[in-house]
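Please treat every number below as a calculation from the coordinates, not as lab data. This is a predicted model, so every value here is computed, not measured. FYI the Cβ positions are ideal-geometry reconstructions off the backbone, even for glycines, and counts take in every protein chain you see.
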Amino acid sequence: MRHHTRTDRAFTLIELLTVIAIIAILAGLLFPAIKSALVRAEVVRAQNGIANLSHAFTAYYTEYGKWPINDIAPLTTYNTYIIDQNFVALLQGANPSTPPNASGYPYPNSSGAFQTIGSATLQGNPRGIHFLDFKAADLDGTGSFVDPWKKPYYCRFDFSYTNSVQDPFTGGSVQPTNLNAGFLIWSAGPDNQYDNNGDSIPNQIPSLVNKDNVKSW
């Protein structure tokens, strides 16, 4: 008569459940690390997008001696713009004559409340110079250049040409901070939010929503 040993039989239900539980625990331990790695990869993509825009803006200035925005006076160093479909066209060599359509993209005003960015007029690109290539995957349904979290890149320019632009994250009317730059570019980061009133008031703790912003400075 043949006697069956433990190695001859299948796993019992308890043993299977134990293995499944161990796998679930290991997956739970690995998930935060995987998620963190994915977020870091997206941040790197946003940094690359900002770097590409920085090179394009600098090349535009070298070519035309001015920044791409030609807005209605008075121009200020705290006017905020997005890289919308006309801005994209401009940097790709077109010469758009219509103002960018910035409707639908909110940003916080000096009180922290979100409002819609107004339209802006571009200087144009009469020589048809190609300053930057955009991948289709980096454009939204309107043709605007967006970050890995599908929100637009924001920018400000030094309209006074004194190498000074107001920091968008300390941009309240009480205590604004100016940065030595010709332009600033940023992404609102994974949480899709930024607050320009976070530390504009003395002794106020900076807003936590700014901690994950991706910036050119």
Go through region 123-137 residue by residue and turn each phi into a ³J(HN,Hα) via Karplus (6.51, -1.76, 1.60, θ = phi - 60°); whole Hz please, and just put x for glycine and proline. 5, x, 9, x, 8, x, 7, 8, 9, 7, 8, 10, 7, 4, 5
5 Å is the cut-off here: which amide hydrogens, built 1.01 Å from N in the peptide plane, fall below it relative to residue 164, excluding neighbours closer than 5 in sequence? 181
Treat each spin label as a single point 7 Å out from the Cα along the C-beta direction, and report the residue 36 to residue 70 distance in nm. 5.0 nm
Want the number for residue 51 to residue 191: 0.36 nm per residue separation, take away the alpha-carbon distance, what's left? 48.3 nm
In order over region 56-66: 3J(HN,Hα) from phi, Karplus 6.51/-1.76/1.60, θ = phi - 60°, whole Hz, x for each Gly or Pro, gives 5, 5, 5, 5, 4, 5, 4, 6, 10, x, 7
Could you give the length gained by full extension between residue 12 and residue 208, i.e. 0.36 nm per residue of separation minus their alpha carbon distance, to one decimal place? 65.5 nm
